[in-house]
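Down below is the structure, laid out as structure tokens.
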Amino acid sequence: MPERVIARLEDVSLAFGERVVLKNCSLDIVEGAITCIVGLSGAGKSTILRLIDGLIKPSTGHVYVRDQDVCHTSERELNKIRRSISLSFQFAALLDSLTLGQNVSLPLVENTRMAGAAIAKVVDKALDAVGLQYAYDNLPAELSGGMLKRAGFARAIVTDPELILYDEPTTGLDPISVHMITKTIMRLRERSSGTAVVTSHDLPSIYMMADYMAMLFEGAIIAYGPCDDVRKSQNPIVQQFLAGEEAGPIPI
Ligand SMILES: Nc1ncnc2c1ncn2[C@@H]1O[C@H](COP(=O)(O)OP(=O)(O)OP(=O)(O)O)[C@@H](O)[C@H]1O
Ligand SMILES: [Mg+2]
């Protein structure tokens, strides 16, 4: 059976003023898989996540989530789609004055009519999934960077999304925290049978978790496929990027 595609960028172009970020960019996100997007800083990786989440619209082309064209759908449908997606931002951005439990509750308090006790139960489960159940009553200021990242994940999964978008989940963390976060992403995928798209610069972490890898370069996906295939790619741009070499076709 062919793999199902849960989200698709089709021939997307996008410019911010004069700056063309994406140019005829196409990418399929396979359901139930972890897809990692790599590319130079400023290549447009976060932009792709924001497109899938419907936060921005392409100048031309289409973005589909589950057969719905997010650019040409009603506000109501778009809201429905957006409820099935969670974007975990580059910086966790928890509210300083709320406890961890309260922060993680917010998406449920704001978007559902669930009762307090039911919310507490779901939040507890989400915190447990990221190994932070004991920190329910802690304030964000009392947590380390790695814990804040994981708290951000708990907030992202509390609504039981079909698709989780992680923007640089391991940036700025020590190697052990990177490992823990990577494992957490893999476990969350198993738990919710959800799909994940991860942007990252962390190759060891990507090699550990990625089912699929996509490389974004000069506005388009120049390599895409099962992670091992992309690693073995003969494309000199991909080779230079993954080897981290200065010499090669990528203009530095
Ligand atoms: N809202 C915006 N207005 C203007 N320019 C923007 C906006 N958002 C992104 N850009 C520009 O688009 C380009 C791509 O940005 P993006 O954040 O997607 O890159 P990235 O691949 O995620 O980079 P990094 O690896 O550093 O996170 C950058 O040149 C950035 O300055
Ligand atoms: Mg980014």
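The values are calculated or read from the model by the stated rules, or taken from the named source; none is laboratory data. This is a predicted model, so every value here is computed, not measured. Positions of Cβ are generated from backbone atoms using ideal geometry, with glycine treated the same way; all protein chains shown enter the neighbour counts.
Quick one: which residue in 139, 127, 108, 132 is more than 16 Å from ligand 2 (Cβ to nearest atom), of a type in the set (A, V, I, L, M, F, W, C), at pLDDT 95 or above and outside the structural domain of residue 240 (by TED's automatic domain parsing)?
Numbers: 127 fails: at pLDDT 95 or above; 108 fails: at pLDDT 95 or above; 132 fails: at pLDDT 95 or above.
Sole residue among the options that is more than 16 Å from ligand 2 (Cβ to nearest atom), of a type in the set (A, V, I, L, M, F, W, C), at pLDDT 95 or above and outside the structural domain of residue 240 (by TED's automatic domain parsing): 139.
Quickly run through the stretch 35-70 and pick out the residues that are closer than 30 Å to residue 109 by Cβ and more than 9 Å from ligand 1 (Cβ to nearest atom).
Passing the criteria: 51, 52, 53, 54, 55, 57, 63, 65, 66, 68, 70.
Here is a list of conditions, (1) within 14 Å of ligand 2 (Cβ to nearest atom); (2) at pLDDT below 90, and residue 78 meets all of them except one; can you say which number that is?
Condition not satisfied by residue 78: (1).
Between a residue in the stretch 1-27 that is closer than 16 Å to residue 222 by Cα and any residue that is among the β-branched types (Val, Ile, Thr) and away from ligand 1 (no atom under 16 Å from the Cβ), which pairs come within a Cβ distance under 9 Å, given they are 6 or more apart or on different chains?
That search, which allows pairs on different chains as well, returns 8/29; 8/65; 9/29; 11/60; 12/60; 13/60; 24/60.
So the check is Cβ under 9 Å with 6+ separation or different chains; which pairs have a first residue in the stretch 210-226 that's on the phi > 0 side of the Ramachandran plot and a second one that's modelled with pLDDT of 95 or more and basic (Lys, Arg)?
Here the result reads 218/23; 219/23, each pair linking the stretch 210-226 to a residue that is modelled with pLDDT of 95 or more and basic (Lys, Arg).
Can you say whether residue 179 is under 20 Å from the mean Cα position of the chain (by Cα) and in a loop (DSSP other than H, G, I, E, B), as far as the supplied structure shows?
no
So which residues in the stretch 233-248 are assigned to a loop (DSSP other than H, G, I, E, B) and surrounded by fewer than 12 Cβ atoms within 10 Å (Cβ to Cβ)?
Kept after step one, since they are assigned to a loop (DSSP other than H, G, I, E, B), are these residues of the stretch 233-248: 233-235, 244-248.
Listed by number, the residues that qualify are 234, 244, 245, 246, 247.
Being away from ligand 2 (no atom under 16 Å from the Cβ) and hydrophobic (A, V, I, L, M, F, W, C) is the filter here, so list the residues in the stretch 204-213 that pass it.
Matches in the stretch 204-213: 208, 209, 210, 213.
Here's a check for you: in the stretch 4-48, which residue that is within 16 Å of ligand 2 (Cβ to nearest atom) and of a type in the set (Gly, Ala, Ser) is surrounded by the most Cβ atoms within 10 Å (Cβ to Cβ)?
Per the stated criteria, the residue is 44.
Can you tell me which residue in the stretch 196-220 is farthest from residue 23 (Cα to Cα), limited to those that are within 15 Å of ligand 1 (Cβ to nearest atom) and in a loop (DSSP other than H, G, I, E, B)?
Out of the qualifying residues, it is 202.
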